[in-house]
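S.K.: There's a structure below that I have some questions on.
The values are calculated or read from the model by the stated rules, or taken from the named source; none is laboratory data. Just so you know, these numbers come straight off a predicted model, no measurement behind them. Every residue, glycine as well, gets a Cβ built from its backbone with ideal geometry; the counts of neighbours run over all protein chains shown. With ligands, DNA and RNA removed, areas are computed over all heavy atoms of the protein, side chains included. Shrake-Rupley method; radii C 1.70, N 1.55, O 1.52, S 1.80 Å.
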Amino acid sequence: MRRTVKKGTAFLCSLLLLLSRGASAVSAAETAKAIETDAVEVSEETAAEEEKEDVNLTVSIFENIEREWILPPMQLECESDLGLSELMDKLVQYAYLDSATVRGGRLISLVDPFGQTYTSDGEEDKWLIILNGIERTSLTDAPEDGESFHFSDGDTLQLVYSSLTTSENTASTASSPSRSLSDTPDELPWDSSYDSVISSACGWLKNNSDSVETLTALGAAGYSVDYKYLSRILQRIRSEDSPTALELAKSVLAISFSGISAENFSGEDLVKKLSEYPDMGRLDTVYGLLAYDCNNYTIPDDALNSRDAMINVIMAGQNADGGISETQGEPSDVFLTALSLTALAPYRDDDSIGPCIERALDWLSGEQHSNALYYDGAVSSSRQTSAVILALGSLSVSLADSRFSKNGIHMLDALMRFYSDGSGFSKKRGDTPDAESTELALLALCSQKNRRNSLVLRSPVTGSGSIDFSSSDEETDSSSETKTDSDVRTRMHSGLIGAILGGSGGIAVMLGVILWMKEKFGHHSDRFS
């Protein structure tokens, strides 16, 4: 009996121990679950806090009718998840604006502090939204779905009020500004030694490069190329399926300087494709405007990339120091500023564009070093120097201008430091010549020799171009011919005639040798017969 009681007691103790362990396990599981839940909540709170952390945003508002700033570029510290509506409310709160209306992620209208109203009047496309240099329809791709938008640190937001009226801007390919942009009327005399530099640089370039940009530079310098060389580059352009905006603009320039209208290049209108190209960056836009004006192509005023729209994008990139950058707020860039001035040169008499040009010139003057060169970082660069020379030539600003002549050194002499005798130009002093540096140097030299923008044709071309793309370089028939403008056709014929004459001369020499050998050895055979 006692043994039975002991067994029962032991069983009850074991049961109680198991139950207590089970309860502990349940309690531990519940505790772990609670900790996990708290961690998730903390994680969500942390993510929400990170989502809402402040970022630096550069914002500006520009109107295209009078071409004035409604709000000049300014840095604003704001929450990353700030939407356009909240951003406009903040600008109203800070008294930068009087009021603003936003609907569906788009700006509809605003009133500036002076009471001036800018509204779409039902036409929402009067307002352009440009984020980091790329045009967008709204800040949210699908605002109706309630998607949120988040700015990133360093973003640049530009709002442009664009008029839909007909543009009064027209390209003037050989105009001079009504007011002088230079502090001296004196022009530097052209040194004839530069002619031999142009000639040797063209020859070196043709033998060492067959890029699209090379074709433009050779055409601008008036250097003749043969049919085989020309067709090889044009064939490459024709076979490009999905060119970028920059490639498309450079192709229009090259085709135009080949004597062919880019509006009818083997049945394709490349100018129209460029005018409809979406999401063009600042550099793309600069080259695009240069491509339009090289042959004074007609662009519809309502085109996505109209002349007015392109001018706005370029001018909107001007920083407070006067220079221009790819993304507004970033350090101004010498090359982009100079190329932008070359593109804006035909519009320099416009009252709103003129001041932009003059501020950029002042900034470029301050960036020039005492040796009259421009630098890329800490190293002098022919690329930047050539671009500035081209810009000054396009704007009829003399290299003798005190702003750009340092210590008695003018920029053409300074540029010659990058020239390798009998060949081309290098990017850095002492380096071997390269194609890009030589192309830019040729454009710079020609702008000074001819006192004009070397990226604008002297006379417009209208002819279409059709190349036999079915044959390879080795199989190119000399009888095939491009249907081009008359001057280019003449150059091609000259090359072909030269080749034929050269071949004829060779044949004549060979016949003479054969006759001489026949006469000589004929006498020997008579002697031994």
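S.K.: Would a scan of the range 173-189 turn up a residue that is charged (D, E, K, R) and modelled with pLDDT of 80 or more? Write out each step before concluding.
M.R.: In the first step, residues of the range 173-189 are kept if they are charged (D, E, K, R); the result is 179, 183, 186-187.
When the remaining residues are screened for being modelled with pLDDT of 80 or more, the result is none.
Scanning the range 173-189 turns up no residue that is charged (D, E, K, R) and modelled with pLDDT of 80 or more.
S.K.: Let me ask something additional. List the number of the failed condition for Thr166; all other conditions in (1) at pLDDT 95 or above; (2) open to solvent by 30 Å² or more (accessible area, probe 1.4 Å); (3) of a type in the set (Val, Ile, Thr) hold.
M.R.: Going through the list (1) at pLDDT 95 or above; (2) open to solvent by 30 Å² or more (accessible area, probe 1.4 Å); (3) of a type in the set (Val, Ile, Thr), Thr166 breaks only (1).
S.K.: Could you look through the range 196-219, keep only residues that are charged (D, E, K, R) and either assigned to a loop (DSSP other than H, G, I, E, B) or in contact (Cβ under 8 Å) with a residue 60 or more places away in the chain (or both), and pick out the one that is surrounded by the fewest Cβ atoms within 10 Å (Cβ to Cβ)? Before the answer, list the steps.
M.R.: To start, the set of residues in the range 196-219 that are charged (D, E, K, R) comprises 206, 210, 213.
Still in the running and either assigned to a loop (DSSP other than H, G, I, E, B) or in contact (Cβ under 8 Å) with a residue 60 or more places away in the chain (or both): 210, 213.
Details: Asp210: 16, Glu213: 18.
That would be Asp210.
S.K.: Taking the options Gly322, Gly288, name whichever one is part of a loop (DSSP other than H, G, I, E, B) and open to solvent by less than 10 Å² (accessible area, probe 1.4 Å). Explain how you work it out, then say what you get.
M.R.: On the way: Gly288 fails: part of a loop (DSSP other than H, G, I, E, B).
Gly322 is the lone residue from the list that is part of a loop (DSSP other than H, G, I, E, B) and open to solvent by less than 10 Å² (accessible area, probe 1.4 Å).
S.K.: How many residues are open to solvent by less than 10 Å² (accessible area, probe 1.4 Å), touching a strand residue (DSSP E or B) at 6+ places or on another chain (Cβ under 7 Å) and within 14 Å of Lys406 (Cα to Cα) when one looks only at the range 350-395?
M.R.: The qualifying residues number 2.
S.K.: Is there any pair with a first residue in the range 410-423 that is on the phi < 0 side of the Ramachandran plot and a second that is outside any loop (DSSP other than H, G, I, E, B) and of a type in the set (Phe, Trp, Tyr) whose Cβ atoms are under 8 Å apart and which are 6 or more apart or on different chains, and what are they?
M.R.: Every condition considered, the pairs that remain are Leu412/Tyr194; Leu415/Phe425; Phe418/Phe425; Tyr419/Phe425; Ser423/Trp204.
S.K.: Oh, and also: Test Leu283 against the stated conditions and say whether it is under 27 Å from Ala201 (Cβ atoms) and open to solvent by 10 Å² or more (accessible area, probe 1.4 Å).
M.R.: On the way: under 27 Å from Ala201 (Cβ atoms): yes; open to solvent by 10 Å² or more (accessible area, probe 1.4 Å): yes.
Taking the combined requirement at face value, the residue satisfies it.
S.K.: Restricting the range 84-128 to residues that are among the basic types (Lys, Arg) and open to solvent by less than 50 Å² (accessible area, probe 1.4 Å), which is modelled with the lowest pLDDT? Don't jump to the end; show me each part of the working.
M.R.: First, pick out the residues of the range 84-128 that are among the basic types (Lys, Arg): 90, 103, 106, 126.
Right, trim to open to solvent by less than 50 Å² (accessible area, probe 1.4 Å) and you get 90, 106, 126.
Numbers: Lys90: 86, Arg106: 78, Lys126: 75.
Per the criteria, the residue is Lys126.
S.K.: Okay, moving on. Could you tell me which residue of the range 220-257 is most open to solvent (accessible area, probe 1.4 Å), considering only residues that are in contact with a Gly (Cβ under 6 Å, 6 or more places away or on another chain) and at pLDDT below 95?
M.R.: So the first thing to find is which residues in the range 220-257 are in contact with a Gly (Cβ under 6 Å, 6 or more places away or on another chain), and the list is 226, 249, 257.
Add one more test, that the residue is at pLDDT below 95, and what stays is 226, 257.
Numbers: Asp226: 60, Phe257: 15 Å².
Per the criteria, the residue is Asp226.
S.K.: Hey, another quick one. Give the range 261-285 a look and list any residue that's more than 12 Å from the chain's Cα centre (by Cα) and assigned to a helix (DSSP H, G or I), or say none.
M.R.: Ala262, Glu263, Asn264, Leu270, Val271, Lys272, Lys273, Leu274, Ser275
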